[in-house]
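The values are calculated or read from the model by the stated rules, or taken from the named source; none is laboratory data. Just so it is clear, the model here is predicted, and its values are computed rather than measured. Reconstructed Cβ throughout: ideal geometry from the backbone, glycine too, with neighbour counts over all protein chains shown.
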Amino acid sequence: MSTVEIISMRKTLWCITRNDKFIFKVTTGVGNNIFDLKEIIAEKIFNVKVIYLML
């Protein structure tokens, strides 16, 4: 996996997995897209599959 560059101003998002098994936060940039967000989550939480995101 590659490291995602945070573009522009930083934003922190709280994430909750299905069935509330995990609650965690990730930091991304305002200029990053949904694919960058999926990669950031996959790097932070290894046992969570990032297939569907509900924002």
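Side notes on the structure shown:
- Residue in the stretch 22-39 that is modelled with pLDDT under 85 and not in a strand (DSSP E or B) present: yes
- If the condition is being loosely packed, with under 14 Cβ neighbours inside 10 Å and either touching a residue at least 24 places away in the same chain (Cβ under 8 Å) or not polar (S, T, N, Q) (or both), then the stretch 45-55 contributes 46, 49, 51, 52, 53, 54, 55.
- Scanning the stretch 1-29 for residues that are within 9 Å of the chain's Cα centre (by Cα) and among the hydroxyl-bearing types (Ser, Thr, Tyr) gives 27, 28.
- Among residues of the stretch 9-21, those that are modelled with pLDDT of 85 or more and in a loop (DSSP other than H, G, I, E, B), counted: 1
- Among the residues making up the stretch 30-43, those that are in contact (Cβ under 8 Å) with a residue 24 or more places away in the chain and over 8 Å from the mean Cα position of the chain (by Cα) are 31, 32, 43.
- Matching residues, the stretch 40-52, being among the basic types (Lys, Arg) and part of a helix (DSSP H, G or I): 44
- Scanning the stretch 1-17 for residues that are hydroxyl-bearing (Ser, Thr, Tyr) and surrounded by 10 or more Cβ atoms within 10 Å (Cβ to Cβ) gives 8, 17.
- Residues within the stretch 18-40 that are acidic (Asp, Glu), surrounded by fewer than 16 Cβ atoms within 10 Å (Cβ to Cβ) and closer than 14 Å to residue 55 by Cβ, tallied: 0
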